[in-house]
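Everything on this sheet refers to the single structure shown next.
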Amino acid sequence: MLKLYGFSVSNYYNMVKLALLEKGLPFEEVPFYAGQTPEALAVSPRGKVPVLGVKQGFINETSVILEYIEQTQEGPSLLPADPYQRAQVLALCREIELYIELPARACFAEAFFGMPVPDAIKDKAKAELLLGVGSLGRHGKFAPYVAGESFTIADLYFMYSVNLACAVGEKLFGLDLLAQLPKAKALLERLHEMRNAKRVAADREAAMPAFMAMIAAKK
Ligand SMILES: N[C@@H](CCC(=O)N[C@@H](CS)C(=O)NCC(=O)O)C(=O)O
């Protein structure tokens, strides 16, 4: 059986978890906080989660895990078969990660954990976030899903990266990042109403106190 290593508070972990749930695949969740210990690095070369445990070993990096699942497992397809359409979905995922997730992530410490982030980093993140959201508005279809008619892995990135970026925008910059993208805003709400997304959210809530305690202990 597939093993999903990571923790329920991780947005990347939740992208893979929702993909597995949507495909109706059996999997085992293995609590794993990664980090830089030799044991963790033996599972995840950069000490990140999620990691997928398969018969032959470990697969890291969310985008790669999602493609692997798509290529090897049954269930509803989350990537178009047509190479051009597939490229559009993969490009949207990459754009969301590079231009929205990563600038927002540079501010997570202050937005979510009360640890100040230097102004220079916040200024850069804000400018990049605005460019990233502009790119999403040009490339996303939101008709009704991010890449068009069907739910794809671009929706997974959208659900679990753009929601956190919006929280960063609001908390640190007083900005509504999706203000100019009403269809995107409505889609984000709809996606989080999905039955399996609610299960992922409930697991996240349940795991949050222990996660926050761990962060507090590290401070
Ligand atoms: N590029 C990685 C990023 C994963 C990532 O940043 N995971 C976070 C949790 S959401 C993590 O492992 N953080 C722990 C750390 O950086 O020590 C992927 O796509 O899987």
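The values are calculated or read from the model by the stated rules, or taken from the named source; none is laboratory data. What you are looking at is a predicted structure, and each value in this text was computed from that prediction instead of being measured. FYI the Cβ positions are ideal-geometry reconstructions off the backbone, even for glycines, and counts take in every protein chain you see. Just so you know, the surface numbers come from the protein's heavy atoms only, side chains and all, with ligands and any DNA or RNA stripped out. Shrake-Rupley method; radii C 1.70, N 1.55, O 1.52, S 1.80 Å.
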message: With in contact with a Ser or Thr (Cβ under 9 Å, 6 or more places away or on another chain) and assigned to a helix (DSSP H, G or I) as the only criterion, which of LEU131, LEU156, LEU136 stands out?
response: LEU156
- line: Residue pairs within 8 Å by beta carbon, gap of at least six or interchain, first lying in the range 16-37 and free of Cβ contacts under 8 Å to residues at least 24 places away in the same chain, second surrounded by 11 or more Cβ atoms within 10 Å (Cβ to Cβ), listed first then second, are GLY35/GLY47; GLN36/GLY47
- request: Scan the range 23-35 for residues that are within 13 Å of the ligand (Cβ to nearest atom) and more than 15 Å from ASP203 (Cβ to Cβ) and jot them down.
  value: TYR33, ALA34, GLY35
- prompt: In the range 1-35, which residues are open to solvent by 10 Å² or more (accessible area, probe 1.4 Å), within 20 Å of PHE108 (Cα to Cα) and assigned to a strand (DSSP E or B)?
  reply: none
message: Please pick out the residue among ALA34, ALA40, ALA91, ALA106 that is more than 19 Å from the chain's Cα centre (by Cα) and of a type in the set (Gly, Ala, Ser).
response: ALA40
- prompt: What about ALA207, is it surrounded by 11 or more Cβ atoms within 10 Å (Cβ to Cβ) and touching a residue at least 24 places away in the same chain (Cβ under 8 Å)?
  reply: yes
query: Given (1) assigned to a strand (DSSP E or B); (2) more than 11 Å from the ligand (Cβ to nearest atom), where does TYR99 come up short, assuming only one miss?
result: (1)
field: Hits in the range 106-128 (condition: open to solvent by 70 Å² or more (accessible area, probe 1.4 Å) and either touching a residue at least 40 places away in the same chain (Cβ under 8 Å) or in contact with a Ser or Thr (Cβ under 6 Å, 6 or more places away or on another chain) (or both))
entry: LYS126
Residue satisfying all of: in the range 64-96; in contact with a helix residue (DSSP H, G or I) (Cβ under 6 Å, 6 or more places away or on another chain) and open to solvent by 30 Å² or more (accessible area, probe 1.4 Å); nearest to the ligand (Cβ to nearest atom) among these: GLU95
task: Restrict the check to the range 36-58 and report whether at least one residue is of a type outside the set (Phe, Trp, Tyr), part of a helix (DSSP H, G or I) and within 10 Å of the ligand (Cβ to nearest atom).
output: yes
query: Is it true that ASN14 is touching a strand residue (DSSP E or B) at 6+ places or on another chain (Cβ under 6 Å), closer than 23 Å to THR152 by Cα and within 10 Å of the ligand (Cβ to nearest atom)?
result: no
message: What's the number of the only condition in (1) over 18 Å from ALA207 (Cα atoms); (2) touching a Lys or Arg at 6+ places or on another chain (Cβ under 8 Å); (3) open to solvent by less than 20 Å² (accessible area, probe 1.4 Å) that SER44 fails to meet?
response: (2)
